[in-house]
Amino acid sequence: PSRSCDRSPEYPKKIFEYTTANTRSSLHLAMTRFAFLLAFLLVVSTPSWTVHLSKAACLPQAVELSKDAPVNVLDQVTWTSASINNMVAKILMEEVLGERVLISTQARAGIYDFDALSNGTVAATLEVWTKSLEDLIDHYTLELRTIEHAGPLGVVGQSGFYVPKYVMDEHIELGTYRGLQRSDIASIFVTDATAPKGTFYSSNPEWILSQSAVQLVENLNLEVEIVWTENQAATVALIDEAIQNHKPILFGYWVPEAYHEKASLPEFGPDYALERIGLPPITQTCIDGWNTPAYTCDFPANILQKYISRTYPLTPDASFFLRAFTLSTSDQQYMLARMEYRGLTVEEAACDWILRNNATWTKWFLSCKGLGENGCNNDAGVCVAGECVCDFHYMGDTCEITKNIDYVAYDSTEAIFMMVLASLCIVAAFGLMIVVFVKRARPAISFASPFFLELILFGAIGGYTAAYVWAGEPNAANCQLRYWLLTMSFITVFGNLFAKTYRIWRIFGNREMRLEVINNRFVLLLFGLVALPDIIVCLVWSAAFPLKGEVTDNHADSDQLLLQCTGDNAIVFVGVLLGYNGLVVLAGSFLAYKTRHAASYFNESKFIGFAIYNVILLAAVVVPLAFIITGEPTATYLIITVGVTFLFASTLALVMGPKVYHLIQHSTTSQWDAEMYGESSSKSTTGSDPSRYRSQSDGDISESGSFISQSNSNTSKPDTAMI
């Protein structure tokens, strides 16, 4: 049969059609006209009977009903909303659970068949307006204990004073009842029948709505009079006429009702939207003051309830379904409007809602039937007590949505910007390497140890590449490379800077004036010793607890996953590296302090101090933030790469800036030397000719890069011009 919800005008009204194997038997034909419950008993007890669905299934994967399927009887009062509830339940219980549903119409409007629920003839009633029925319900639920409360339906029924939305928009005073206390506002509703007061339309004087309205108009001193219409249809006709002519109208109405959904239908439009006028809040004094001047509060809300029989043989699946079954007020009104204004049958309206609200009704099943092989998008999750528990790659009520995996891609705006910035810094560093090599004989460079300046520049270039390796899809290779590169770059820059500062300290701190040869090989060995712990830690980390790219939950955003570097004990190794390099920085601070009085052309203590300040500042800001905002890959990337780029760029500026400045200011060696040695001789205790120091200096700075400290009988400190 067709799977469509659309029905032709000839669509049969019967849900079940009972036939017999022997159609010639007049007795069997007469039995098909028996009461609904008797027919049900015959279906169950007589093997010769068969049951056929006379309608196409609503759901594409509807299960087939078997002859021996469990049967559930639902009680139904005569109003339309109750039939909608039962039809939604019927379709789902039959097509998902595979259990038959019969509808009992023994109850009448406002009169529920609690006796049938009590004796087990009826399984459940899904819409009970409990106001004024409290004692009767307590009798069955508390005294006899044959009926059980199955929870609220979810629909809230409430009456009120209404106007079209355009009227409220034009007269905001009508947001509360106080607007109706003003004659100038109430007069917009005036008619010939009530002039000079406004008109309030209500349908039936015997309704609670109407009785309450009479008291509220009088007790709240509203400037309106009530006009009774013949019935609800007459009230609706007046509302339609007013809206079509864009005129004001005031009337009593309620929810749930189809009219509230009329504005959402394209064939009608937003002018049909209704707004409720606010009334004083409900208090117990007001409720107790019914039919007295004390009754001055809003209409009470009626939260509709469900009840099931304790004596009816419900299956666990059916029992769970009936307890979990809920519809909101707007859900009911959606179906009511499709029936009222589009001519759908109750079956068609219920099917239309079911097909549009899969995420709502799939929660009503204990075993998540009808939603795939295991009810939760196949392998995307498992069903637990009627709800899908999704694998962390998926989300949604049936695990039908694949989560986004978040990481910093190479083509993202942030990554492109930082890679361009890093590339400019790398080009600048290579340029400085060329300058150092070409100008290595100039005192501004030679006194600063050209070989180690090259190493510092090389380390900074490695640091700049953080913008590249911290972007892209994390994997085992680049995850490990990130920490190797950052650690080795840092120790290369600052290890060499502090190692060559150590040589200056040894020379200028030589109080005994003994001869010392401190060549580049010694300083390089010193740097190697400083870098060795970092190398060992990184090797152990890579070998024993390697990092890898792994998809993890994003605790900051449940709709996304994170692709990030993870590994056992990663936080321990990061802590060890931070702690050790912190000690290196501390040692560098000591050396900078001890060399603060060295000759200016050897003295880098001030610039080292600034560099150390930058390290401490960035460590205090970048490291905590990088750990705190792990759920934001882009923000983490920017914090790390901006911090690292700034650290190495500022360090190079402090170390190389003064040297480049001197090279520019002193275009020739003689100009630079004259100024430098003139200043030096003025500070020298020997008072000798500067040219003599020049010749000695030439002999004392060896081709191997050695620095020699010589004794001088006339001074207590080494002569800077003789180093």
Checklist entry - In nm, to one decimal, how far is the THR191 label point from the PHE392 one, both placed 7 Å along Cα→Cβ? => result 6.5
Item to check | Protection-proxy order for peptides 437-444, 647-654, each taking the mean of Cβ atoms within 10 Å per residue, highest first | outcome: 647-654, 437-444
Checklist outcome for this item: Residues whose built amide H sits under 5 Å from the amide H of PHE251, excluding neighbours closer than 5 in sequence, are TYR162, TYR201
Item to check | Rg(Cα)/(2.2 N^0.38 Å) for the stretch 136-266, N = residue count | outcome: 1.29
Next on the checklist: Quick check: convex hull of the Cα atoms in the stretch 62-192, volume per residue, rounded to a whole Å³?
Outcome noted: 189
Next on the checklist: In whole Hz and in residue order, list the ³J(HN,Hα) couplings for the stretch 419-427 that follow from phi through the Karplus curve 6.51 cos²θ - 1.76 cosθ + 1.60, θ = phi - 60°; x for Gly and Pro.
Outcome noted: 5, 5, 4, 5, 4, 4, 5, 5, 4
Checklist entry - So how do 455-464, 626-635 stack up, highest first, on mean other-Cβ count within 10 Å? => result 455-464, 626-635
Checklist entry - So if R0 is 35 Å, what FRET efficiency would ASP184 and LYS131 give, r being the distance between their Cβ atoms, rounded to the nearest 0.05? => result 0.45
Item to check | Inter-label distance for TYR613 and THR285, nm, one decimal - labels placed 7 Å from Cα along Cα-to-Cβ | outcome: 7.0
Checklist entry - Which of the pairs LYS90/LYS403; LYS363/LYS548; LYS363/LYS403 have their Cα atoms more than 28 Å apart in this structure? => result LYS90/LYS403; LYS363/LYS548
Checklist entry - Quick one: length gained pulling LEU144 to ASN231 fully straight, 0.36 nm per residue minus the C-alpha distance? => result 27.3 nm
Next on the checklist: Run the paramagnetic zone check for LEU583: 7 angstrom along Cα to Cβ, then residues of the stretch 518-552 with backbone nitrogen under 15 Å.
Outcome noted: 529-538
Checklist outcome for this item: So for R0 = 41 Å, FRET eff. of THR402-LEU532 from the Cβ-Cβ r, to 0.05, ends up at 0.30
Checklist outcome for this item: Extension length gain for PHE590 and ASN569 (0.36 nm per residue less Cα distance), in nm, is 4.3 nm
Item to check | Rg and Dmax of the stretch 296-362, Cα atoms only, in Å | outcome: 15.5, 48
Next on the checklist: Taking the Cα centre as origin and putting +1 on Lys and Arg beta-carbons and -1 on Asp and Glu beta-carbons, what dipole magnitude results for the stretch 387-477, to the nearest 20 debye?
Outcome noted: 1200
Checklist outcome for this item: Descending packing, highest mean Cβ count within 10 Å first, for 407-417, 130-140 is 407-417, 130-140
Checklist outcome for this item: Between ASP271 and GLN211, the FRET efficiency computed from the C-beta separation at R0 = 35 Å comes out, to the nearest 0.05, as 0.70
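When the accessible area of the stretch 75-126 is computed with all protein chains present and a 1.4 Å probe, what percentage of it is carbon and sulfur?
Answer for the stretch 75-126: carbon and sulfur cover 47 percent of the accessible area.
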Next on the checklist: Taking 0.36 nm per residue of sequence separation and subtracting the Cα-Cα distance, how much length would be gained by fully extending the chain between GLU473 and PHE627, in nm to one decimal?
Outcome noted: 53.5 nm
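The values are calculated or read from the model by the stated rules, or taken from the named source; none is laboratory data. Quick caveat, the model's predicted, so the values are computed rather than measured. In this analysis, Cβ positions are derived from the backbone assuming ideal geometry, glycine residues included, and neighbour counts consider all displayed protein chains. Side chains are part of the model used for accessible areas, which takes the heavy atoms of the whole protein and leaves out ligands, DNA and RNA. Shrake-Rupley method; radii C 1.70, N 1.55, O 1.52, S 1.80 Å.
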